[in-house]
1. Being in a helix (DSSP H, G or I), more than 30 Å from VAL126 (Cβ to Cβ) and either touching a residue at least 12 places away in the same chain (Cβ under 8 Å) or not assigned by TED's automatic domain parsing to the domain that holds ILE102 (or both): is that true of TYR340 here?
2. Could you pull out every one of the strands (runs of 3 or more DSSP E) wholly within the stretch 101-217 that has 2 or more residues that are in the same structural domain as MET30 (by TED's automatic domain parsing) and small (Gly, Ala, Ser)?
3. Can you name the number of the only condition in (1) more than 16 Å from the ligand (Cβ to nearest atom); (2) touching a Pro at 6+ places or on another chain (Cβ under 7 Å) that TYR150 fails?
4. Are any residues in the stretch 125-140 near the ligand (Cβ under 9 Å from one of its atoms) and either buried (at least 16 other Cβ atoms within 10 Å of the Cβ) or modelled with pLDDT of 95 or more (or both), and if so, which ones?
5. Could you identify the single residue in THR169, THR189 that is surrounded by fewer than 20 Cβ atoms within 10 Å (Cβ to Cβ), within 21 Å of the chain's Cα centre (by Cα) and more than 24 Å from GLY133 (Cα to Cα)?
6. Out of everything in the stretch 244-264 that is outside any loop (DSSP other than H, G, I, E, B) and within 16 Å of the ligand (Cβ to nearest atom), what residue ends up being farthest from the chain's Cα centre (by Cα)?
7. Among the listed residues ARG35, ARG58, identify the single one that is farther than 16 Å from PHE196 by Cα, among the charged types (D, E, K, R), at pLDDT below 70 and assigned by TED's automatic domain parsing to the domain that holds ILE202.
8. Answer yes or no as to whether ASN229 is in a loop (DSSP other than H, G, I, E, B) and either among the small types (Gly, Ala, Ser) or free of Cβ contacts under 8 Å to residues at least 24 places away in the same chain (or both).
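The values are calculated or read from the model by the stated rules, or taken from the named source; none is laboratory data. Note that this is a predicted model, so its numbers are computed, not measured. Glycine also receives a Cβ, built like all others from the backbone with ideal geometry; neighbour counts cover every protein chain displayed.
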Amino acid sequence: MSEFGRTNDESYLGLDFDTLESYIANEQQMHAHSRGLFSNILRRVGLASKIISAKVQRAGLLDVLGTKGSVNVQGEEQMKLDDIANEVMKRTFFWMPSIAGIASEEEDDFVAFSKKEGHTGHRYTVVFDPLDGSSNIDANVSVGTIFAVYRCLDPSGECSLNDFLQPGTALVAAGYVIYGSSTMLVFTTGHGVHGFTLDPEIGEFVLSHENLKIPDRCKCFSVNAANHNKWDEGTKRFVDYVRQRESERYQETTSRYIGSLVADFHRNMLYGGIFLYPKDISSGKGKLRLLYECAPLALLAEQAGGAASSGDQRVLDIVPTELHQRIPYIVGNKRDVELYERMYREQ
Ligand code: AHG
């Protein structure tokens with residue numbers, strides 16, 4: 001029983017919790033000069049993720065599983081869930097005067113929005129992967145949305161490719177939504193990482209994980225081991241070293257790999273661990289995309305006390321040369337990422 005004579009289950013009756021909305025409002029009050037532009041972006045991400053979450057949960061019922069172009073029993077062409085999520089995200093930002101344009105995993109090129117009449121304020125670009133891990137969706141595996149926000153280089157000019165090709169150090173915010181056993185929105189604006197869980201009963205994101213820090217232990221070790229013969233010698237050495245479990249740090253380490261980046265990253269943030277998607281030596285490239293997968297999660301990892309590397313470079317320092325650039329990606333606990341880098345360098 002609480003001091004008001006109610007059980008914990010009834011705590012919502014006292015409204016003694018933070019929602020995404022109240023959290024944003026409090027943050028805005030603390031920054032006297034804030035014009036709320038950025039807060040609105042977060043509000044809109046919250047709304048978009050509720051819509052996508054509802055679609056993901058009803059995927060089977062809505063007959064949206066399957067590939068683009070396939071036809072359902074009514075003879076209607078089905079839209080892939082990736083495309084639905086992409087449309088939701090695009091339209092979310094299209095209506096915001098402060099957003100100059102977006103880049104998405106689902107779009108070949110960036111999409112510039114025309115300037116809204118009378119709008120003279122700061123302008124931002126948003127990059128996103130609307131539904132990461134979607135090849136797993138038919139098997140009911142957790143998927144996610146990753147997003148990040150950059151400030152336009154020239155707020156009064158037209159939106160251009162250079163507004164997107166900025167290093168992660170220039171990010172003003174990043175986050176992800178995981179559609180799992182519950183839906184969670186996790187983000188950073190450069191002041192720690194905060195997680196909000198969607199309570200379906202009240203339709204609100206409730207602050208559930210304030211100031212998340214990656215525990216300093218390597219509980220989870222996440223890599224697609226089937227790719228072993230494609231790895232460079234440094235990666236093989238690191239993976240073998242962890243798997244031998246001889247060093248004290250790795251004695252309790254366990255192997256966990258979902259193949260859905262947001263889900264793997266989220267689990268490792270909570271339990272402590274390292275995720276690797278190294279380069280394939282035959283192509284010399286990684287699989288994951290710098291702009292809307294690696295850099296946003298790298299900012300979250302660093303804000304939570306972790307690190308992210310491409311093997312020879314801090315991910316946040318990499319300046320993209322193209323929208324859909326792929327990089328080798330190692331992210332998680334700082335100590336483990338640093339050990340990987342050392343072995344990578346020494347090979
Ligand atoms: P997709 O969105 O096509 O399902 O790709 C998933 C991505 C990422 O989420 C995950 O970490 C990685 O690909 C898994 O790749 P492998 O199947 O090669 O391990």
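1. Values: in a helix (DSSP H, G or I): yes; more than 30 Å from VAL126 (Cβ to Cβ): yes; either touching a residue at least 12 places away in the same chain (Cβ under 8 Å) or not assigned by TED's automatic domain parsing to the domain that holds ILE102 (or both): yes.
So TYR340 passes the test.
2. Values: elements: 124-132, 143-151, 171-179, 183-188, 193-199, 204-209.
Here the list reads 143-151, 171-179.
3. The one condition TYR150 does not meet is (2).
4. Applying the first criterion (near the ligand (Cβ under 9 Å from one of its atoms)) to the stretch 125-140 yields 129, 131-137.
Listed by number, the residues that qualify are ASP129, LEU131, ASP132, GLY133, SER134, ILE137.
5. Details: THR189 fails: surrounded by fewer than 20 Cβ atoms within 10 Å (Cβ to Cβ).
Result of the check over THR169, THR189: THR169.
6. Within the stretch 244-264, the subset outside any loop (DSSP other than H, G, I, E, B) is 244, 248-250, 254-255, 261-264.
Now narrow it down to the ones that are within 16 Å of the ligand (Cβ to nearest atom): 255, 261-264.
Numbers: SER255: 22, LEU261: 8, VAL262: 6, ALA263: 10, ASP264: 11 Å.
So, considering only residues that are outside any loop (DSSP other than H, G, I, E, B) and within 16 Å of the ligand (Cβ to nearest atom), the one farthest from the chain's Cα centre (by Cα) is SER255.
7. Details: ARG58 fails: at pLDDT below 70.
Being farther than 16 Å from PHE196 by Cα, among the charged types (D, E, K, R), at pLDDT below 70 and assigned by TED's automatic domain parsing to the domain that holds ILE202 holds for just one of ARG35, ARG58, which is ARG35.
8. Values: in a loop (DSSP other than H, G, I, E, B): no; either among the small types (Gly, Ala, Ser) or free of Cβ contacts under 8 Å to residues at least 24 places away in the same chain (or both): yes.
Taking the combined requirement at face value, the residue does not satisfy it.
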